[in-house]
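The values are calculated or read from the model by the stated rules, or taken from the named source; none is laboratory data. Just so we're clear, the structure is a prediction, and the values are computed from it rather than from any experiment. Neighbour counts are summed over all protein chains in view; Cβ atoms, including those assigned to glycine, are modelled from backbone coordinates with ideal geometry.
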Amino acid sequence: MSDLRRIGVVGAGQMGRGITHVCALAGLDVVLADVNAEVLARSLETIDANLGRQVARGRIREQDKDAALARIATATDFARFADCDMVIEAATEKEDVKRGVFKQLVPRLKPDALIATNTSSISITRLASATDRPGKFIGMHFMNPAPAMSLVELIRGIATDEDTFTATRDLAVKLGKTPVAAEDYPAFIVNRILLPMINEAVYTLYEGVGTVEAIDTAMKLGANHPMGPLELADFIGLDTALSVMQVLYEGLADSKYRPCPLLVKYVEAGWLGRKTDRGFYDYRGDTPVPTR
């Protein structure tokens with residue numbers, strides 16, 4: 001089981017294409033699936049461009065890029081996953097969406113195939129129960145952007161087999177990542193700490209303590225953060241930030257995790273950050289401009 005050679009990835013969004021990138025570059029064959037053929041095509045273009053940047057910076061060779069791209073196949077249905085050793089789900093951070101994916105995915109997998117979810121906050125035990133193989137199910141949470149970030153959180157569900165954990169840990173190391181084990185509690189380690197900080201920054205804006213620019217500047221210069229919390233929220237996606245806060249609030253029943261009403265308002269407006277060109281900053285011009 002520890003020798004995982006062919007990997008499937010569900011979802012050709014930001015995380016899915018990043019995971020595909022690192023797997024292919026590490027010498028693994030990858031099948032990237034998405035229901036939208038146009039999204040798949042754009043994702044391949046993005047992977048090509050990102051590999052090109054690594055070549056330009058001297059991190060990989062041109063032949064490494066060509067070999068990685070040759071290892072990637074795409075599909076608009078799950079039938080192509082029939083010979084995959086592991087499938088990594090990287091769909092939208094909504095439990096009903098992920099459960100729907102697993103319902104369609106499971107019948108198309110070989111009996112010994114592992115399933116990993118890239119969820120950033122949802123219960124691994126609960127997601128595993130939507131499959132026919134809880135023992136072969138695990139959380140494998142890549143950081144964003146996956147090609148640049150070295151951490152991978154590994155989360156066992158209550159039924160996850162030790163062999164599944166070992167194989168997934170070995171895969172993370174093969175991908176050049178540092179695996180860290182986290183318990184199956186809402187948002188795990190990184191987002192349990194990071195997202196409440198971002199939510200508090202939104203509250204600070206909501207209550208008029210500081211402007212967008214003042215809050216981000218204060219945290220960059222006062223706490224030595226490379227990116228301000230509101231800028232980071234835009235990068236993550238405000239819808240994803242809200243989803244994680246809702247998981248924390250509902251899962252831990254503690255008022256300190258209540259999502260800020262202003263965060264809810266931005267998501268309701270469709271201002272989700274960089275991916276929609278507007279969030280706490282407006283990205284439609286040459287330079288990002290604060291929206292508050």
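Table for the structure above
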| item | result |
| --- | --- |
| Meets criteria (among the hydrophobic types (A, V, I, L, M, F, W, C), under 21 Å from the mean Cα position of the chain (by Cα), surrounded by 16 or more Cβ atoms within 10 Å (Cβ to Cβ) and assigned by TED's automatic domain parsing to the domain that holds Pro107) for Ile60 | no |
| The stretch 74-105 - residue that is exposed (fewer than 14 other Cβ atoms within 10 Å of the Cβ) and of a type in the set (A, V, I, L, M, F, W, C) and, of those, farthest from Val39 (Cα to Cα) | Ala82 |
| Filter result for Leu175 (touching a Cys at 6+ places or on another chain (Cβ under 9 Å) and not acidic (Asp, Glu)) | yes |
| In the stretch 70-97, the residues that are assigned to a helix (DSSP H, G or I) and of a type outside the set (Lys, Arg) | Ala70, Phe78, Ala79, Phe81, Glu95, Asp96, Val97 |
| When residues of the stretch 51-69 are limited to those that are of a type outside the set (D, E, K, R) and assigned to a loop (DSSP other than H, G, I, E, B), the one nearest to Ala116 (Cα to Cα) | Ile60 |
| In the stretch 106-120, the residues that are over 18 Å from Ala167 (Cβ atoms) and surrounded by fewer than 24 Cβ atoms within 10 Å (Cβ to Cβ) | Val106, Pro107, Arg108 |
| Within the stretch 1-25, considering residues that are more than 18 Å from Asn144 (Cα to Cα) and of a type in the set (A, V, I, L, M, F, W, C), the one surrounded by the most Cβ atoms within 10 Å (Cβ to Cβ) | Ile7 |
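Per-residue answers, yes or no, for (1) under 19 Å from Gly228 (Cβ atoms); (2) crowded, with 17+ Cβ neighbours inside 10 Å; (3) without any contact (Cβ under 8 Å) to a residue 60 or more places away in the chain; (4) not assigned by TED's automatic domain parsing to the domain that holds Gly208:
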| residue | (1), (2), (3), (4) |
| --- | --- |
| Met245 | yes, yes, yes, no |
| Tyr249 | no, yes, yes, no |
| Asp254 | no, no, yes, no |
| Cys260 | yes, yes, no, no |
| Leu263 | yes, yes, no, no |
| Tyr266 | yes, yes, yes, no |
| Asp277 | yes, no, yes, no |
| Asp282 | yes, no, yes, no |
| Asp286 | no, no, yes, no |
